[in-house]
1. Just to verify a result, which residue in the stretch 123-134, among those that are open to solvent by 100 Å² or more (accessible area, probe 1.4 Å) and more than 14 Å from Arg105 (Cβ to Cβ), is modelled with the lowest pLDDT?
2. Small (Gly, Ala, Ser), modelled with pLDDT of 90 or more and in a strand (DSSP E or B): does that describe Gly44?
3. Please work out which residue is most open to solvent (accessible area, probe 1.4 Å), limiting yourself to the stretch 1-12 and to residues that are in contact with a strand residue (DSSP E or B) (Cβ under 6 Å, 6 or more places away or on another chain), at pLDDT below 75 and in a strand (DSSP E or B).
4. Taking the conditions exactly as written (surrounded by fewer than 17 Cβ atoms within 10 Å (Cβ to Cβ) and touching a residue at least 24 places away in the same chain (Cβ under 8 Å)), does Ser94 satisfy them or not?
5. Taking the stretch 66-86 on its own, how many of its residues are over 15 Å from Val51 (Cβ atoms), polar (S, T, N, Q) and open to solvent by 50 Å² or more (accessible area, probe 1.4 Å)?
6. Mind listing whichever residues of the stretch 13-32 are open to solvent by 50 Å² or more (accessible area, probe 1.4 Å) and more than 28 Å from Ser43 (Cβ to Cβ)?
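The values are calculated or read from the model by the stated rules, or taken from the named source; none is laboratory data. Since the model is a prediction, treat every value here as computed from it, not as a measurement. All Cβ positions, even for glycine, are placed from backbone atoms using ideal geometry, and neighbour counts span all protein chains on display. These area figures cover heavy atoms from the full protein model, side chains too; ligands, DNA and RNA do not enter into them. Shrake-Rupley method; radii C 1.70, N 1.55, O 1.52, S 1.80 Å.
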Amino acid sequence: MGNLVTSGGAITYNHLNLPVQITVKNEAGTANKGTIVYTYSASGTKLRKVVTEPGATVNATSTTTTTTFYRGSSVYETKLYSNSTVNTAFRYTSQLQFFGHEEGRVSAVQPTPQSTFPITLVYDYMIKDHLGNPA
């Protein structure tokens, strides 16, 4: 549809009026704090979100790019760092974050890079009233 300029940045929308890119700036509007880019299917289902953060707190000289993939009820995440030493140390690619089920979601607790333990699954149940509304 066009651009919406906010006090700190700008939002660009697609033909379905869904946000495609969000540019985040500091409060003064002078420094770029990063961008968020969304990818949708033709029907408007969100498929991917890419967050780019220059000068992230992991390493002041590193840019962190977080890509979130949506596959049905499953959500996966990849983190890439422009600093190759940091990128090698974390080894964070296509890791399952959670998937939904009829009573809530199942979160995946990832082991540390040095650990040999497999992923642990933690069940999160959403409490609802008799009408199905969140309690």
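1. Selected residue: His130.
2. Working: small (Gly, Ala, Ser): yes; modelled with pLDDT of 90 or more: yes; in a strand (DSSP E or B): no.
No, not satisfied.
3. Step one: filter the stretch 1-12 for residues in contact with a strand residue (DSSP E or B) (Cβ under 6 Å, 6 or more places away or on another chain), giving 1, 3-4, 8-12.
Restricting the remaining residues to those that are at pLDDT below 75 gives 1, 3-4, 8-9.
In the following step, the residues that additionally are in a strand (DSSP E or B) were identified as 3-4.
Values: Asn3: 117, Leu4: 84 Å².
This residue is Asn3.
4. Details: surrounded by fewer than 17 Cβ atoms within 10 Å (Cβ to Cβ): yes; touching a residue at least 24 places away in the same chain (Cβ under 8 Å): yes.
It is true that Ser94 is surrounded by fewer than 17 Cβ atoms within 10 Å (Cβ to Cβ) and touching a residue at least 24 places away in the same chain (Cβ under 8 Å).
5. Step one: of the stretch 66-86, the residues over 15 Å from Val51 (Cβ atoms) are 71-74, 83-86.
Subsequent filtering for residues that are polar (S, T, N, Q) retains 73-74, 83-85.
Okay, now just the ones that are also open to solvent by 50 Å² or more (accessible area, probe 1.4 Å), so 73, 84-85.
Here the count works out to 3.
6. Keep residues of the stretch 13-32 that are open to solvent by 50 Å² or more (accessible area, probe 1.4 Å), which gives 13, 15-17, 21, 24-25, 27-28, 30, 32.
Listed by number, the residues that qualify are Lys25, Glu27, Ala28, Thr30, Asn32.
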